[in-house]
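Novice: I have a structure I would like to understand better, so I am pasting it below and will then ask my questions one at a time.
The values are calculated or read from the model by the stated rules, or taken from the named source; none is laboratory data. Fair warning: this is a prediction, and the values are worked out from it, not measured in the lab. Cβ placement follows ideal geometry from the backbone for every residue including glycine, while neighbour counts extend to all protein chains displayed. Surface accessibility is based on the protein's heavy atoms, side chains included, excluding ligands, DNA and RNA. Shrake-Rupley method; radii C 1.70, N 1.55, O 1.52, S 1.80 Å.
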Amino acid sequence: MQPLLSSINQPEWLHGHTAFTTLRTYQGEGMLWPEHLKRLKNTCTFLSLPEPDTELPPLEAYAFGLLRITVTFEGTFYSHKPLEVGPKPLAGVAVYLTDLAVHPALGHHKTGNYLPYRLAQQQAGKHEAFEGWMLDEGGHIVDGSRTSPLLQIGKKLVMPSGGLPSVTRDFFIQGKP
């Protein structure tokens, strides 16, 4: 057994007391940054964290990148890497309905308390599924372990309500039935 490092003996790292957002970048520019920032600010307020920095740092000009902004009591931090795009599953993907629920108070916020999503992904993997769908307290599907669910049924798009609000999904569905 080793003593706990003082650098991780903090609520941010022990209990996930952080707020974050993840956004795509294109040629070093953050996509939908104002919308992501608004959601991030709301989560910071909810968690009594400091306001996030509002200006993005200079970013590598990847063709497409993935930028993660994390807010702790110590400040606003980021990581940026090339976006790794997998194959597009034209025939759809397998999903697994897990027995895990989103946290009733935290489910609308991107926080470092991400354990239910990790466990849902783990359950899905055991069933060779791409993703695990998660429930609310009433047993309704509200979120995915990897994505924000969006189904096409006939000519309509259907999405569950009650999970994490998705900035990118909301942008995608604008003007669509």
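Novice: Given all pairs of different Cα atoms, what value in angstroms does the Kirkwood hydrodynamic radius of the chain take?
Specialist: 17.8
Novice: Follow-up question, since we're still on this one. Would you please name the GluC sites (Glu not before Pro) within region 112-177 that are DSSP coil residues with at most 15 other C-beta atoms within 10 Å of their C-beta?
Specialist: Glu128, Glu137
Novice: Tell me the accessible surface of Phe73 in square angstrom (1.4 angstrom probe, heavy atoms of protein chains only), to the nearest ten.
Specialist: Accessible surface of Phe73 is approximately 100 Å².
Novice: Okay, next question. Just tell me which lysines come within less than 17 Å, Cα to Cα, of Lys155; anything on the same chain fewer than 8 places away is out.
Specialist: Lys176
Novice: For a quick check: with amide H placed at 1.01 Å from N, whose amide H comes under 5 Å from Tyr96's, ignoring anything fewer than 5 positions away on the same chain?
Specialist: Answer set, sorted by chain and number: Glu131, Gly132, Trp133.
Novice: May I ask for the net charge around Val93, where only other residues with Cβ less than 14 Å from the Cβ of Val93 are counted and Lys, Arg are +1 while Asp, Glu are -1?
Specialist: Result for the neighbourhood of Val93: 0.
Novice: For a quick check: with amide H placed at 1.01 Å from N, whose amide H comes under 5 Å from Phe64's, ignoring anything fewer than 5 positions away on the same chain?
Specialist: It is Gln27, Leu83, by chain and number.
Novice: Further, regarding this structure: Please get the size of the charge dipole for region 60-120, origin at its Cα centre, with Cβ charges of +1 on Lys and Arg and -1 on Asp and Glu, quoted in debye to the nearest 20.
Specialist: Charge dipole, region 60-120, about its Cα centre: 80 debye, nearest 20.
Novice: Near Lys38, which aspartates and glutamates are there with a Cα under 19 Å away, not counting those fewer than 8 places off in the same chain?
Specialist: Glu29, Glu51, Asp53, Glu55, Asp170
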